[in-house]
């Protein structure tokens, strides 16, 4: 136990719940707040925080589960790569069961492909060191929290002079999708719980232009239950007073300017590109791919493969879910043909997907 | 995927730190940090890297403030 566990204190959570009730009492139209990050979605379901909020506060989930917003085409390329001889795919565990157009890495591994789950991209570099006769491809997905760790692995591989370490990079960045959602009249968000650890890297200043342009309150919020409840309380206060500012609830970790060294490493190894978001589409400059000077490490360029034709899964509402337009319970597949054991959509696969969280904690 | 665990630094060798929380130990690479870290500090560990330092004084202040304002008793 350490004192940081006090951020899970039940009494404090109850106190915050009471405060939010008092503040919003008698307000007719509910306030809609979006938690952008999948880790928030998980925390909200895991601790049952929705049940502690009054009907005047509605939380919707956003596009912040990196596995969920990764389009099928990326998976299809990873699957084509894992079928190559003398090639090892290294990946975070989340990607294993995500269905591509016609297969998944899990299925391919059962058929004999060498797919290894790692905890850190540095573990993938170690696999490359130990297997000089094989090519090792790390699946680089994730937001700005994860992208610097993958940049770090490329720098480590370069320092070691490795010629057999590659990254299939499809990183996404914030806050571009939030701008798209803010402009969507169907969604009408009254405030954002901004991601905790993405913001540790990019800094809270990153939300200022969005906040100014759309007049929507933004609170950078931590992942513990007291953090989430306090983040909501701060959003409620802003919304009720008609203000729209960027605030930092998670001030023990997030600074206004962010982590400048990690930002410099991202700029060194990656370059912005127009990324494709499942459900949202292609957003200009919303992703990171490997910069030309590091292209020897770019799996897409270094290992050409034929990728199967793209097929989307019929009936799956993941796309609408990632925009906060529907909840898992609106999807006809949820809990029926789509379950964590045999997922159809990405939102059910990733442990941070809205459907997986709803299935596990709220069904 | 953006889960990061607050862990305490128990030793540092070059860019590599050993960190611990509740008896669990993990290596954390320090190359991404722009703040100085010493043994005893808390860092947020994500995928084998420390991505941010945790300001312990700030954490205690936040907790103290929450206790003062948001405990059910004090709110009547």
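Taking the stretch A:240-359 as the region of interest, the helices (runs of 4 or more DSSP H) fully inside it that hold 3 or more residues being in contact with a strand residue (DSSP E or B) (Cβ under 9 Å, 6 or more places away or on another chain) and within 14 Å of chain B (Cβ to nearest Cβ) are A:260-269. Within the option set A:185, A:195, A:217, A:225, being in contact with a helix residue (DSSP H, G or I) (Cβ under 9 Å, 6 or more places away or on another chain) and surrounded by fewer than 24 Cβ atoms within 10 Å (Cβ to Cβ) holds for one residue only, A:225. Scanning the stretch B:1-17 for residues that are buried (at least 16 other Cβ atoms within 10 Å of the Cβ) and more than 17 Å from residue A:195 (Cα to Cα), we see that the one that is nearest to the other protein chains (Cβ to nearest Cβ) is B:8. In the stretch A:24-39, the qualifying residues are those that are assigned to a helix (DSSP H, G or I) and modelled with pLDDT under 95, and the one that is nearest to residue B:20 (Cα to Cα) is A:39.
Selection over the stretch A:22-43 of residues that are touching a residue at least 12 places away in the same chain (Cβ under 8 Å), within 14 Å of chain B (Cβ to nearest Cβ) and in contact with a helix residue (DSSP H, G or I) (Cβ under 9 Å, 6 or more places away or on another chain) gives a count of 10. Among the residues making up the stretch A:1-17, a single one is at the interface with chain B (Cβ under 7 Å from one of its Cβ atoms), in a helix (DSSP H, G or I), without any contact (Cβ under 8 Å) to a residue 12 or more places away in the chain and surrounded by fewer than 17 Cβ atoms within 10 Å (Cβ to Cβ): A:11. Inspection of the stretch A:123-145 finds a residue satisfying the criterion of being within 13 Å of chain B (Cβ to nearest Cβ), within 17 Å of residue A:89 (Cα to Cα) and free of Cβ contacts under 8 Å to residues at least 24 places away in the same chain.
The values are calculated or read from the model by the stated rules, or taken from the named source; none is laboratory data. Note that this is a predicted model, so its numbers are computed, not measured. No Cβ is skipped: glycine too gets one built from the backbone with ideal geometry, and neighbour counts run over all protein chains shown.
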